[in-house]
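Chemist: Questions regarding the structure given below will be posed in turn.
The values are calculated or read from the model by the stated rules, or taken from the named source; none is laboratory data. Remember, predicted model here, so these are calculated numbers, not experimental data. Here Cβ is always computed from backbone atoms with ideal geometry, including for glycine, and neighbour counts include all displayed protein chains.
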C-alpha cells in the first residue's frame, strides 16, 4: 500500500481543477457542478466553494445518484440508492460539470450521462475527476484531471476524504 | 434477500434500508420522467388468485417504472379457475422465464410453498396470503407513518399506533404488528373480543376494547376493513352496533391529537368502520398510502431483483 496523493496534493489538485473549469467556461453563471455520491459529491462541494470564492458568486452544486442506471447491477449484491439533488437552476441549457473521485472503466460516467438525460438537456457535459487510473472500457475521457495515476488492473485505488474517512489521501493497494 | 414472504424474515436494518430506498425512489415518481432502466429485460408475473385493485395495480406500476416486463395473471379468466394446481401454474411460469412472482392467494402459506419448492427459481413476493401476512402493505404503512411523524429518524421509536377492527381476519394487522414493533413503535389493538385471534396475548401489543380511551393516547389510528367475505360466523350483533363502538366518526376524530393521522389499507367500507367525512378529512392519509405503495414496491423489487442473480437452487 502506498500513498499516491497526500492531503496537500489533493488540495492543490482541487484548486487547480477549480481554475481550469472557470477557464474553460467563461460564462461562469451558466456552470452547474454535480458530484457523484458519495466521495464525488464531497469533492463537488469543495470545488464549488473554491470556485465561488474566485468568481465571487455562488456556483450551483448538487449530486447525482447513478445507481439505477448502472449496467453492472446484476453482477453485485444490491447497492443502496443515494440521494439525488439538483440545484434550483436545473440543468437545462447549462454547462454541467460531473465530478467523481476515480475514473476507471468509464461505466459510472456512462450511467451518469443516462441519468442526466432523464433530468434535462444541458448545453455541455464535462467531467472532472481527482484521479484517472486508466483501464477504460468505454470511449470516455475526463476534461479536468487531478492526477493521472498509471495503475495495474490488479491494484485498487482508494480515495479517502476528511468528510467521510477523517483523512485526505489517495492510496494504491494490491488486491 | 431473495424472497419477501413475511415481515418476520426481515431484520430492522433490512426494513429501514427498504424504507430509505423507497424515499429516494419516491423522487422518481415526483419527477418529470417516471421511468428508470434498472430492471430492463426482467419479467415479473402478477399472480393474483384473489381479487385486488390497489396491490395489483401498485405492483404493476412499480415494475413498469423500473422498466420490467409485467405479466398479469388473475384467477378469473385463467386456468386457475379450471382447477389447475399451484404447482402446475408455477411450472408454467418457470417455463416462461419469470424472474419474480408477486402472489396473492386466499390460502395462508401459498407464497411460502412456492418459495420452498423447486418448481420455480425466481423471487417470490407475498402480496397477501389468506389471513397470514401482507408485508408490502406493512412496509408502505410504516413508510407513510415515518414520513409524517418520523421527524427525520430512521425508525419509529416512540410512535404510538392503534390498529382498530377486524384483527382476526386481517393479514395487514399481522404484518403491521410485526413491522411496527420491529421499528420500535408501540401498538395497541382495539377490537371486539370476537375479532381478536386466539393467542393474541402473546403478541408484543397492548389490547383494548374501548376505542375512545385509546384515541386520546395515539399518534396514528389504522382502521381495518371488516372482511365480510371471510366471515363464516356472526362476530358482532349488527353493523350499526359495530360502527357505534368501533367505527371512526367525526366526533371520535376530535378526541385525537391535532398532528395524528388516520390510515386505512383499503378498500373501505364507508359508514361501517370509517365515516365518509373522516376518510375524506385533512387528517386522512389514505390516498397518500396508495401513492407511497408504488414507491415502496419499487424499493422491494429493486432490493430483490436488481442485484446479483443467485445460483440456481440456492435459497
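Chemist: Would you tally the residues in the range A:46-65 being assigned to a helix (DSSP H, G or I), surrounded by fewer than 19 Cβ atoms within 10 Å (Cβ to Cβ) and free of Cβ contacts under 8 Å to residues at least 24 places away in the same chain?
Modeler: 3
Chemist: Quick check, is residue B:144 under 14 Å from residue B:44 (Cα atoms) and either buried (at least 20 other Cβ atoms within 10 Å of the Cβ) or over 13 Å from the mean Cα position of the chain (by Cα) (or both)?
Modeler: Here the answer is no, as residue B:144 does not meet what is asked.
Chemist: Just one of (1) modelled with pLDDT under 90; (2) under 27 Å from residue B:268 (Cα atoms) trips up residue B:128, so point out which.
Modeler: All conditions pass for residue B:128, except number (1).
Chemist: Within the range B:94-104, does at least one residue satisfy the condition of being more than 30 Å from residue B:163 (Cα to Cα), touching a residue at least 12 places away in the same chain (Cβ under 8 Å), part of a strand (DSSP E or B) and not assigned by TED's automatic domain parsing to the domain that holds residue B:166?
Modeler: Within the range B:94-104 (the criterion being more than 30 Å from residue B:163 (Cα to Cα), touching a residue at least 12 places away in the same chain (Cβ under 8 Å), part of a strand (DSSP E or B) and not assigned by TED's automatic domain parsing to the domain that holds residue B:166), the answer is yes, since at least one residue qualifies.
Chemist: While we're here: Looking at the range A:78-94, can you tell me whether even one residue there is away from every other protein chain (no Cβ under 14 Å), surrounded by 22 or more Cβ atoms within 10 Å (Cβ to Cβ), touching a helix residue (DSSP H, G or I) at 6+ places or on another chain (Cβ under 7 Å) and farther than 18 Å from residue B:28 by Cα?
Modeler: Scanning the range A:78-94 turns up at least one residue that is away from every other protein chain (no Cβ under 14 Å), surrounded by 22 or more Cβ atoms within 10 Å (Cβ to Cβ), touching a helix residue (DSSP H, G or I) at 6+ places or on another chain (Cβ under 7 Å) and farther than 18 Å from residue B:28 by Cα.
Chemist: Sticking with this structure for a sec: May I ask you to verify whether residue B:113 is surrounded by 17 or more Cβ atoms within 10 Å (Cβ to Cβ) and either part of a loop (DSSP other than H, G, I, E, B) or outside the structural domain of residue B:66 (by TED's automatic domain parsing) (or both)?
Modeler: no
Chemist: When you go through B:187, B:226, B:218, B:262 one by one, which is the residue that is crowded, with 19+ Cβ neighbours inside 10 Å, outside the structural domain of residue B:18 (by TED's automatic domain parsing), part of a loop (DSSP other than H, G, I, E, B) and at pLDDT 95 or above?
Modeler: B:218
Chemist: Also, quick follow-up: So which residues in the range A:119-144 are more than 27 Å from residue A:89 (Cα to Cα) and either within 10 Å of the chain's Cα centre (by Cα) or surrounded by 19 or more Cβ atoms within 10 Å (Cβ to Cβ) (or both), if there are any at all?
Modeler: A:131, A:132, A:133 - these are the residues of the range A:119-144 that are more than 27 Å from residue A:89 (Cα to Cα) and either within 10 Å of the chain's Cα centre (by Cα) or surrounded by 19 or more Cβ atoms within 10 Å (Cβ to Cβ) (or both).
Chemist: Can you report the number of residues in the range B:50-67 which are part of a loop (DSSP other than H, G, I, E, B), modelled with pLDDT of 90 or more and surrounded by fewer than 22 Cβ atoms within 10 Å (Cβ to Cβ)?
Modeler: Total satisfying the criteria: 1.
Chemist: With the checklist (1) assigned to a helix (DSSP H, G or I); (2) over 21 Å from the mean Cα position of the chain (by Cα) in hand, flag the one item residue B:181 doesn't pass.
Modeler: (2)
Chemist: Among the residues of the range A:56-71, which ones are more than 10 Å from chain B (Cβ to nearest Cβ) and at negative phi?
Modeler: A:57, A:58, A:59, A:60, A:61, A:62, A:63, A:64, A:66
Chemist: So, one more: Please enumerate the residues belonging to the range A:153-175 that are closer than 21 Å to residue A:109 by Cα and either in a loop (DSSP other than H, G, I, E, B) or touching a helix residue (DSSP H, G or I) at 6+ places or on another chain (Cβ under 6 Å) (or both).
Modeler: Selection gives A:153, A:159, A:161.
Chemist: For the range A:115-122, state whether one or more residues are in contact with a strand residue (DSSP E or B) (Cβ under 6 Å, 6 or more places away or on another chain), away from chain B (no Cβ under 14 Å) and more than 27 Å from residue A:11 (Cβ to Cβ).
Modeler: yes
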